[in-house]
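Laboratory data are not the source of any read-out in this text; all were calculated from the coordinates shown. Computed from a prediction, not measured in an experiment: that's the story for all the values here. Please note: Cβ atoms are built from the backbone with ideal geometry, for glycine as well, and neighbour counts cover all protein chains shown.
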């Protein structure tokens, strides 16, 4: 007994207790031995019966992340206490995982006696609370503790009706129209009488809807702009009008509104327009949803606020996927958020530098151009500006180089890192006039080689984001004309590129892996790449200028290039892989506080996931054979 008392005098905070209390505690201690490498407690799972005081050997304590990697490892030798903070501040659940190292012996004090000491001796109690407070100053420690405690994040899942309800089930507003020759003041009077904030304008000769006027139009163009209210309403109307099918889902309507920057959508069926719906109406039904979040991004006023919003996206992605929302919908949401951020940055830079000296297009490339962004994303963008006279060229180029640098730097600060390959407008190689871009594409198509096709494939996934859309349309018309001429060499090397990655399936139907750190993994991104390449090569061959992989596959099915069975196999395979990739990256960011990657350890898969992946690998292999036959016959 004397030996135990002498030992307790060396242990904090027992060294604060009176001699008679130490004597009493020494009698209550239970001696427990643990074998080497024994798991004593599991984080947030094991309930602690009391306090352990290490006498001999060592406890190794740590947090596990989602990949079962040890984080914040600590070693507790003789005289170290474990369990006090967990008992007092974590509802008796172990904060960390604990392993016994070497032959370990501990003294165990039951929690009722431990709590009795905390109540009777404030200094004893404060030792544990102070230690906890000091540890919580470490951001990584605090992150794992909050994760274990099930910290409640903002709920981004609105009603399931958001994803299953069609517009035909939404209460639409009746169309109210007037001819474009109607005086502005008369339209304003009619709007007040009808109690509507939107009036649609028609062509007097045909009756077709050609524009619309809103309360904001009247405020900005008539009142603030001092426009003569006796003039025809066609002189101030907004155009073009945007419409959508009554069979579209609610989420599709909201996304289209954000993408086209319109607050009103005309709704049509097979007979014509049946009414209209406002963005406010649809959003008011979504008290908590990704679309309210997008609206908050649009209202952000600083780069720091935009960065905070982007940092919230992984949590949204995880919740949506966990609820069963389709990966293709989640892709669209990520794209809408990143597009909204980029547009905020672009508009801010223009306000800072002044109006551009020429018409231009800011376009996005690669996964962003395909609207297939994941949470591991960098910048892929470029600028096309209109051709100018010789004396203006240098000034125009200087403006857009400065503009591109400002935009890229701000996006990088928000969280969209610089492209390692340099495919950014900030790189002067990718900010040029329209005629220069046409020469680029001509060279890539007509003077093809394997390296060029691999390097510049992303430029065939380009998408308009900001500027004068007619420039992009002219480039696409030029490409369509170029691709009407046979370019066997170009498509041959495109095919070679699509065959670079083979599905990681061995002859014995096992998943082929390679080593990263301590794990055997395969690369999810590279597994998906053949489907992207396949859709691109067939789309270009048939002059389809959609960029999204799913949309390309649908268009190819409509043209009879793929059968319905082939379309479904490719589509389901692609988005199954996308769902796995997005969810894994979200977990890495949320749970592990690590930079996301594209690696997946087959040992973490369920049996169903493993079987599904093997079938997907087989589908990809079969379609690669189709490419060999169709585009690379000599292989």
* What translational D, rounded to a whole number of µm²/s, comes out for segment 161-290 from Stokes-Einstein when the hydrodynamic radius is the Kirkwood one over Cα pairs, at 37 °C and 0.692 mPa s? -> 213
* Asked: Order of 377-389, 31-43 by packing, highest average Cβ count within 10 Å first?
  -> 377-389, 31-43
* Cα-based helix-to-principal-axis angle, 122-135 vs the chain, degrees rounded to 10 -> 30
* Structure fact -> Exposure proxy check on 236, 292, 201: fewest-to-most Cβ neighbours within 10 Å is 292, 236, 201
* Mean separation of Cα contacts under 8 Å (6+ apart) over length of the chain, as relative contact order % -> 10
* Using the alpha-carbon centroid of each, what span in Å lies between segment 1-48 and segment 530-589? -> 61
* Stokes-Einstein D in µm²/s, Kirkwood radius over Cα pairs - segment 79-128 at 20 °C with 1.002 mPa s viscosity -> 177
* Asked: To the nearest 500 deg cm²/dmol, what mean residue ellipticity at 222 nm is calculated for the chain from DSSP H runs of n ≥ 4 alone, each contributing -39,500 (n - 2.57), summed and divided by the residues?
  -> -15000 deg cm²/dmol
* To do: Just need the relative contact order of segment 164-238 here, percent rounded to a whole number, with Cα pairs under 8 Å and 6+ apart.
  => 33
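Would you please report the Å³ per residue occupied by the convex hull of the alpha carbon atoms in segment 426-476?
Enclosed volume per residue, from the Cα hull, is 91 Å³.
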* Rounded to 5, the percent of DSSP beta bridges in segment 161-290 classed as antiparallel -> 70
* C-alpha center-to-center spacing [segment 303-328, segment 63-138] in angstrom -> 34
* Structure fact -> Distance in Å, no decimals, from the C-alpha centre of segment 401-477 to the one of segment 223-272 is 31
* Asked: Rg and Dmax of segment 177-218 over Cα atoms: what are they, in angstrom?
  -> 9.7, 27
* **Per-peptide average of other Cβ atoms within 10 Å, ordering 529-541, 5-17 highest first** => 529-541, 5-17
* Going out from 0 in 10 Å bins, what whole percent of all Cα-Cα distances in segment 308-396 drops into each bin? -> 14, 38, 26, 15, 6, 1
* Could you order peptides 367-375, 58-66 by the average number of other Cβ atoms within 10 Å of their residues, highest first? => 367-375, 58-66
* Nearest 10 degrees, 0 to 90: what angle lies between the long axis of helix 524-541 and the longest principal axis of the chain (Cα atoms)? -> 10
* Asked: For segment 1-145, what D do you get in µm² per second when you plug the Kirkwood radius from alpha-carbon pairs into Stokes-Einstein at 10 °C and 1.306 mPa s?
  -> 102
* To do: Would you mind computing the Rg to Rh ratio of the chain from its alpha-carbon coordinates, Kirkwood style for Rh?
  => 1.08
* On a 0 to 90° scale, report how tilted helix 139-148 is relative to the longest principal axis of the chain, with both axes built from alpha carbons and the result rounded to the nearest 10. => 90
